[in-house]
Structures are given as structure tokens and as C-alpha cells.
1. Quick one: which residue in ALA81, ALA85 is over 12 Å from the mean Cα position of the chain (by Cα) and either over 16 Å from LEU133 (Cα atoms) or without any contact (Cβ under 8 Å) to a residue 24 or more places away in the chain (or both)?
2. Filter the stretch 87-98 for residues that are in contact with a Phe, Trp or Tyr (Cβ under 8 Å, 6 or more places away or on another chain) and either closer than 17 Å to GLN142 by Cα or open to solvent by 30 Å² or more (accessible area, probe 1.4 Å) (or both) and give the result.
3. I'd like to verify a number: residues in the stretch 179-210 that are assigned to a helix (DSSP H, G or I), of a type outside the set (Val, Ile, Thr) and open to solvent by less than 20 Å² (accessible area, probe 1.4 Å), how many?
4. Could you tell me whether any residue of the stretch 54-75 is at pLDDT 85 or above, more than 19 Å from ASP225 (Cα to Cα), open to solvent by less than 20 Å² (accessible area, probe 1.4 Å) and out of contact with any Ser or Thr (no Cβ under 6 Å at 6 or more places or on another chain)?
5. Check LEU137, LEU150, LEU133 and return the single one that is open to solvent by less than 30 Å² (accessible area, probe 1.4 Å) and in contact with a Gly (Cβ under 7 Å, 6 or more places away or on another chain).
6. Do we find that PHE145 is under 18 Å from LEU227 (Cβ atoms), open to solvent by less than 10 Å² (accessible area, probe 1.4 Å), in contact with a helix residue (DSSP H, G or I) (Cβ under 7 Å, 6 or more places away or on another chain) and of a type in the set (Phe, Trp, Tyr) in this structure?
7. Of the residues that sit in the stretch 23-48 and are open to solvent by 50 Å² or more (accessible area, probe 1.4 Å) and either under 23 Å from LEU197 (Cβ atoms) or of a type in the set (Lys, Arg) (or both), which one is modelled with the highest pLDDT?
Amino acid sequence: DLRNSAGVKDAVQAGGLTADDWSAIRFLTGQGCDMCARPFEGGVFLGAGALCDGCTQKPFPFRRGRAACLYTEASKGLILAFKHADRLDLRPILSGWLSRAGAELIEEVDVIVPVPLHWRRLFQRRYNQAAELARPLARQYQKDFVPDALIRQRATSVQFSRARTAKGRREDRFENVKGAFAVTASGARRLRGRRVLLVDDVFTSGATLTACAKALREAGAREVDVLVLARAVPALEV
């Protein structure tokens, strides 16, 4: 249990969290949808490999998905601080969350690839938060880390901001990232025929992960799994 681990005190202090903040974070245990990591209604566990209705009707191009926690008021402050406020000191905490949530996937893959930023956004932020999460996992599990396998070849509007507008429909978010990602020539050589783990911070609609997974598979990846810090699921009763 993450809440009772030996590192909780250090994590709370480093993250600027109170004990109540920490206890309010809803960590996921892999008992949701096997593909999109969405918890089932009421917190019911339907068994290993079970899929939600959405993934059953329209599967994603990746095979399995895991998330460390739900994206809620309790967790987003920590995630946004890491993403936008130069809080790289949070990396050990957050990568530890990923390691626990995705151990099964990480053990089985050959290559770990982060979702890339467009170069303009990378220049503004100075680092890619997905790469900073993925790098220690690759080191810990002795997996091949390929940070430049994917490029974001055109700038896209921020997915979260689109989700909160009238135009933020699921279809609009998928259209926003259509054709935005490509596999580099060197990435294709290192990915062909191999199992890939795609790492990002937040899974909302799955549009970004879908676009990246499609590009990876088209470049010859044998299969793609995804691992994220948090799963955003609006108005879910769990």
C-alpha cells in the first residue's frame, strides 16, 4: 500500500503535501480496464484482462494500459508542479508510483519511449516531463530507453484546455493530434519487432497515446503498452 510505505513521510515533505492530501490520493491497483486503466463503476473488480464498455466497442491501438492514480484535486497539484514548475525533485516520488503501477508491463517490454513535446514547448519548459519519468524506469529495470524515438512534428493546442471548452469533445481532441507524431529513422531501427512501453503523465481521452501508439506500430513495433501517472475520469463513481 503506497499510503503506508516507508517513504510516505519523505514523499509528503518533498511534495509539499499534508498527510490529509496524501491520504486523499486515489491510487489505482490495476483492477480497472486492462486497456485504458479506467476503474470500473463502483470499484468493482471484473477480473484480470477485463475491458470497459468503451474499449470493448472501440479498442485503442495499444494493448494494455496502467495508471498510478486518479487525476483528482488531490493528485493534480503534485503532477502540475512537476510538469510546469521545475519541480524535478519530485521525480523519485512520481517514478516510484509508475514503477509500482506498471511493474508487470515494464518487466515484459523491450523498450521504453516517452511521449514527446513539440520543440517550442520543450524550449519553454526546458525538459520533457514524460522523458524524466521514463528514464529512471528504464534504468531501474534495465530496459532500452529511446527518448528520441518519437517526434511531435507539429504543435498542437493543449488537450486539457480543449477538454474544458464547448469544442472539447472527444472527437475534437483526437482530431487535434491526428498526424502530429512520427517515428524518427533511428527510432524505427531500434523499435522494429520489439515490445514498447509508452510513458506519459496523464491519460484523459487517450488521443495523444493513440496517435503515438499508431505511429509506433506503423514503424514496426511488435506491440505497445502504455503507462501514465494519472487517469482522468470525470464524474466517475468509484
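The values are calculated or read from the model by the stated rules, or taken from the named source; none is laboratory data. Here the structure is a predicted model, which is why all the values come from computation and not from measurement. With ideal geometry, Cβ positions are generated from the backbone for all residues, glycine too; neighbour counts draw on all protein chains shown. Ligands, DNA and RNA are stripped out before the accessible areas are found, and what is left, the full protein with its side chains, is counted by its heavy atoms. Shrake-Rupley method; radii C 1.70, N 1.55, O 1.52, S 1.80 Å.
1. On the way: ALA81 fails: either over 16 Å from LEU133 (Cα atoms) or without any contact (Cβ under 8 Å) to a residue 24 or more places away in the chain (or both).
Going through ALA81, ALA85 in turn, just one is over 12 Å from the mean Cα position of the chain (by Cα) and either over 16 Å from LEU133 (Cα atoms) or without any contact (Cβ under 8 Å) to a residue 24 or more places away in the chain (or both): ALA85.
2. Once the filter is applied, which keeps residues that are in contact with a Phe, Trp or Tyr (Cβ under 8 Å, 6 or more places away or on another chain) and either closer than 17 Å to GLN142 by Cα or open to solvent by 30 Å² or more (accessible area, probe 1.4 Å) (or both), the stretch 87-98 yields LEU88, ARG91.
3. Count: 5.
4. Yes - at least one qualifying residue is present in the stretch 54-75.
5. LEU150
6. Numbers: under 18 Å from LEU227 (Cβ atoms): yes; open to solvent by less than 10 Å² (accessible area, probe 1.4 Å): no; in contact with a helix residue (DSSP H, G or I) (Cβ under 7 Å, 6 or more places away or on another chain): yes; of a type in the set (Phe, Trp, Tyr): yes.
Criteria not met by PHE145.
7. Out of the qualifying residues, it is ARG38.
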